[in-house]
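Q: The structure's right below; bear with me while I get my questions together.
The values are calculated or read from the model by the stated rules, or taken from the named source; none is laboratory data. A quick note: this is a predicted structure, and the numbers were derived from the prediction, not measured. Cβ: placed from backbone, ideal geometry, glycine included. Neighbour counts: every protein chain shown. For accessibility, only protein heavy atoms count, side chains too; no ligands or nucleic acids. Shrake-Rupley method; radii C 1.70, N 1.55, O 1.52, S 1.80 Å.
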Amino acid sequence: MHESGDVRIPIGPQHPALKEPESFLISLRGEKITASSVRLGYNHRGIEKACEERTYTQGLYLIERICGICSHSHSTCFVQAVEEIAGIQVSPRAKYMRTLIAELERIHSHLLWLGVAGHEIGFDTLLMYTWRDREVVMDLLATLTGNRVNYGINTIGGVRRDINSKQKEEVLKAIDILEERTKYYIDLAKNETTLLKRLQGVGVLSYEDAKKLDAVGPTARASGIERDVRKDDPYAAYAELDFKVISVNSCDVYGRTLVRLGELMESYSLVRQIIRKIPDGPILIKSPRKIPAGQAVSRYEAPRGEDLHYVRANGTEKPDRVKVRAPTLANIQSVSKMLEDRYLADMPIVIAAIDPCFSCTDRLVSIRDTKSKEKNTVAWETIRLKGIAWYKDKGIDFISLNKKLTKLF
Amino acid sequence: MSRPGKIARLLIQSLFKKPATGNYPVDRSGMPEGFRGKLKFNAGMCIGCKMCMRDCPSEAIEIRKLGEKQFEAQINLAKCIYCGQCVDSCPKKVLEITAEFELARLDPAQLKVIFNDGNKDSPKG
């Protein structure tokens, strides 16, 4: 909790250390953080509501644009839910294709994260190297799907593009290059003093705290929790593939780096298995435009952690309700715990270590009175006045500032 | 064992490597086969079912009837998200995707491209 004697620093909504608008309020005693709180809501785009206005096919492209990095994660999670409601059995080849793109996406996301982490600790050489290598997998995705981001390969009933033997060879060749590079990064992470000194013991989240705060993905696995949807509740083709769940017990940012590097190696082996095992057959099964009434929850292991979609259909062309729980929403609570009693300078890397995506996370909360069941709506003018009062409380008076400005000119 | 400056060897190696970036305006071979760029509309084959209009996520395409079995398409390049769903939705393979990606225009009116007979696009504005 924020105490009155401490220095309070607002970090964000606009801040050089943050990549997206979000607001952290940090209480400081000297250089040490005593308390921190996060405030989301600067990036709300109303995607869930917009999905209700669109058909399933149109909604798919909107869902894909929730996140630029894990676009395939969101769209697969959504189509899985819709297919479950409609009772569509996707062909094995389509399932393998989805898994292939998912693993390539994981490779690109983890390489991107490694670069961002390097940048946050002032190790920009690492950023340049990893992002250069990331281009290899980005080109691969462009060849396979027709786009570098927002691949648009999923559709209800299967996938839209097939893989041919020439592309298979290209994938294997690129994976060989990336594996060699990743081995170098693993060696670097284990030996490079800059990384070790800067990351070890930073942003500690104990096993108990990770469990209590419901951390997901690499954040949880770095705290010793072996939780991976691909293993626990296999979807797509993961049940037929052989892979390990990487987890370490160091509980810090260094552990999160090792988990992601380990997962990269697992992804390479998965991609090779997929290329070897991919069965022949159709890639698309024709699906009805109208999805029968029903509801489904779909789970997916996105690069950042478990992604969850809930879809309710009402028998028309448009969904009745779509709910998205992005992995960052599950991880964001743990940031306050990681920052406790740490130095202010560690804040950027600790926040970056959960690989946050705030625009995926932002949600609208509507308040209902439990007795009268009435929705509590707030008028625009009320919000404005509330904002002015909030700043006045912090010692900033816009009205007097305005008067001063008009006097000046 | 930790050893400082382990990355230094790689840095020196990089001095003698060719750049990782492409020579863009001169070399335009960067787009892979099957890249989803600007749409092409073969007017003569259109039956006017308007499935593309129904499925378009961004309302970028509009099919208009000109006469008996004659249709024209207006594609708004600024609205189009280049997903290629209209190509999949079309039952007669009227629409196709090209690899053209340099679509920026100075005049916003030129972003509305109209395709009618003869497979030609005539930017209006």
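Q: Please give, to one decimal in nm, the separation of the simple spin-label points placed at B:E62 and B:L103, each 7 Å out from Cα toward the Cβ.
A: Spacing of the two 7 Å Cα→Cβ label points: 1.7 nm.
Q: Set the Förster radius R0 to 22 Å, insert the Cβ-Cβ distance between A:F409 and A:R384 as r into 1/(1 + (r/R0)^6), and round the FRET efficiency to 0.05. Walk me through the numbers before you get to the answer.
A: Details: r = 24 Å, r/R0 = 1.08.
That gives a FRET efficiency of 0.40.
Q: From the cross-link list B:K50/B:K92; A:K95/A:K183; B:K69/B:K112; A:K290/A:K318; A:K286/B:K92, which pairs have alpha carbons spaced over 18 Å apart? Present the calculation step by step, with values, prior to reporting the outcome.
A: Working: B:K50/B:K92 11 Å; A:K95/A:K183 29 Å; B:K69/B:K112 23 Å; A:K290/A:K318 8 Å; A:K286/B:K92 16 Å.
Where the Cα-Cα span goes over 18 Å, the pairs concerned are A:K95/A:K183; B:K69/B:K112.
Q: With every protein chain kept in place and ligands, DNA and RNA left out, what is the accessible area per residue of chain B? Probe 1.4 Å, answer in Å².
A: Accessible area per residue, chain B: 65 Å².
Q: Computed FRET efficiency, Cβ-Cβ of B:Q70 and B:S29, R0 41 Å: what is it to the nearest 0.05? Don't skip to the end; give the middle numbers.
A: On the way: r = 38 Å, r/R0 = 0.93.
The computed FRET efficiency comes out at 0.60.
Q: If the elastic network links every pair of Cα atoms under 10 Å, which of A:I275, A:I399, A:I349 fluctuates the most in the Gaussian network model of chain A?
A: In this elastic network of chain A, the residue with the biggest mean-square fluctuation among A:I275, A:I399, A:I349 is A:I399.
Q: Same structure again: Once a ≥ b ≥ c are taken as the square roots of the eigenvalues of the Cα gyration tensor of chain A, is the result rounded (a/c under 1.5), prolate (a/b larger than b/c) or oblate (a/b not larger than b/c)?
A: Working: a/c = 2.01, a/b = 1.25, b/c = 1.61.
The shape class here is oblate.
Q: Now for a separate question. Amide H to amide H under 5 Å from A:R8: which residues, 5+ apart in sequence or cross-chain, H placed 1.01 Å off N in plane?
A: For A:R8, the qualifying residues are A:L28.
Q: On to the next question. Using a 1.4 Å probe over the heavy atoms of the protein chains, calculate the carbon and sulfur portion of the accessible area of chain A as a whole percent. Write down the numbers at each step before the final one.
A: Values: 10040 of 18600 Å².
C and S fraction of accessible area: 54 percent.
Q: For region A:1-21 and region A:257-317, what is the separation of their Cα centres, given in Å?
A: 37 Å
Q: Could you state the number of Å between the C-alpha centres of region A:338-360 and region A:59-95?
A: 30 Å
Q: Largest first, how would A:R106, A:R45, A:R8 line up by accessible area (1.4 Å probe)? Working shown, then result.
A: Working: A:R106 0, A:R45 110, A:R8 135 Å².
Sorted descending by solvent-accessible area, the residues read A:R8, A:R45, A:R106.
Q: Give me the dipole magnitude in Debye, nearest 20, for the protein assembly as shown about the Cα centre, with unit charges on the beta carbon: positive for Lys and Arg, negative for Asp and Glu. Walk me through the intermediate numbers first.
A: On the way: 83 positive and 68 negative charges, 184 e Å.
My answer is approximately 880 debye.
Q: Another question about this same structure. Taking 0.36 nm per residue of sequence separation and subtracting the Cα-Cα distance, how much length would be gained by fully extending the chain between A:L25 and A:A293, in nm to one decimal?
A: Details: separation 268, 0.36 × 268 = 96.48 nm, distance 4.43 nm.
Gain on extension, A:L25 to A:A293, equals 92.0 nm.
Q: Follow-up. Taking both sides together, what accessible area is buried at the A/B interface, probe 1.4 Å, expressed in Å² and rounded to the nearest 100? Walk me through the numbers on the way to the answer.
A: On the way: alone 19800 and 9360 Å², together 26740 Å².
When A and B are taken together, about 2400 Å² of accessible area is lost.
Q: Something else now. Which one of A:V259, B:C83, A:V38 is farthest out on the positive end of the charge dipole of the protein assembly as shown, using unit charges on Cβ (Lys, Arg +1; Asp, Glu -1) and the Cα centre as origin?
A: Most positive-ward Cα: B:C83.
Q: I need the P(r) histogram for region A:68-160: all alpha carbon pairs, bin width 5 Å from 0 out to the longest distance, whole percents.
A: P(r) over region A:68-160, rounded to whole percents: 3, 14, 22, 20, 14, 11, 8, 5, 3, 1, 0.
Q: Under the classification rounded if a/c is under 1.5, otherwise prolate if a/b is larger than b/c and oblate if not, where does region A:294-409 fall, given a ≥ b ≥ c as square roots of the Cα gyration tensor eigenvalues?
A: On the way: a/c = 2.67, a/b = 1.33, b/c = 2.01.
Since a/c reaches 1.5 but b/c is at least a/b, the shape of region A:294-409 is classed as oblate.
Q: Would you mind telling me the share, in percent, of accessible area of region B:32-123 contributed by carbon and sulfur at probe 1.4 angstrom? Before the final figure, lay out each step's value.
A: Working: 2590 of 5000 Å².
Looking at region B:32-123 in its full context, I get 52 percent from C and S.
Q: Here is a follow-up. Do any GluC sites (Glu not before Pro) in region A:183-271 lie in a DSSP loop with no more than 15 other beta carbon atoms within 10 Å, and if so, which? Don't skip to the end; give the middle numbers.
A: Numbers: sites: A:E192, A:E208, A:E226, A:E240, A:E263, A:E266; in loops: A:E192, A:E226.
The qualifying sites are A:E226.
Q: Moving on. Apply 1/(1 + (r/R0)^6) to the Cβ-Cβ distance of B:F16 and A:D124, taking R0 = 22 Å, and write down the FRET efficiency to the nearest 0.05. Before the final figure, lay out the partial values.
A: Values: r = 21 Å, r/R0 = 0.95.
Efficiency at R0 = 22 Å is approximately 0.60.
Q: Just from its helices, what would the mean residue ellipticity at 222 nm be for chain A, if runs of 4 or more DSSP H residues each count -39500 (n - 2.57) and the sum is divided by every residue, rounded to the nearest 500 deg cm²/dmol?
A: Numbers: 16 runs with 205 residues, N = 409.
-16000 deg cm²/dmol, from helical runs alone.
Q: Something else now. How many nm is it between the label spots at B:K79 and A:D187, if each spot is 7 Å from the Cα in line with the beta carbon?
A: Result for the modelled spin labels: 5.5 nm.
Q: In region A:275-360, if every C-alpha pair distance is counted and binned at 5 Å from zero, what percent goes to each bin?
A: Binned Cα distances yield the sequence 3, 11, 14, 12, 12, 13, 12, 8, 6, 5, 3, 0.
Q: Using a 1.4 angstrom probe on protein heavy atoms only, which residues from region A:122-165 are buried by at least 20 Å² of accessible area when all chains are present rather than their own chain alone?
A: A:T125, A:Y129, A:R132, A:A142, A:T143, A:G146, A:N147, A:R160, A:R161
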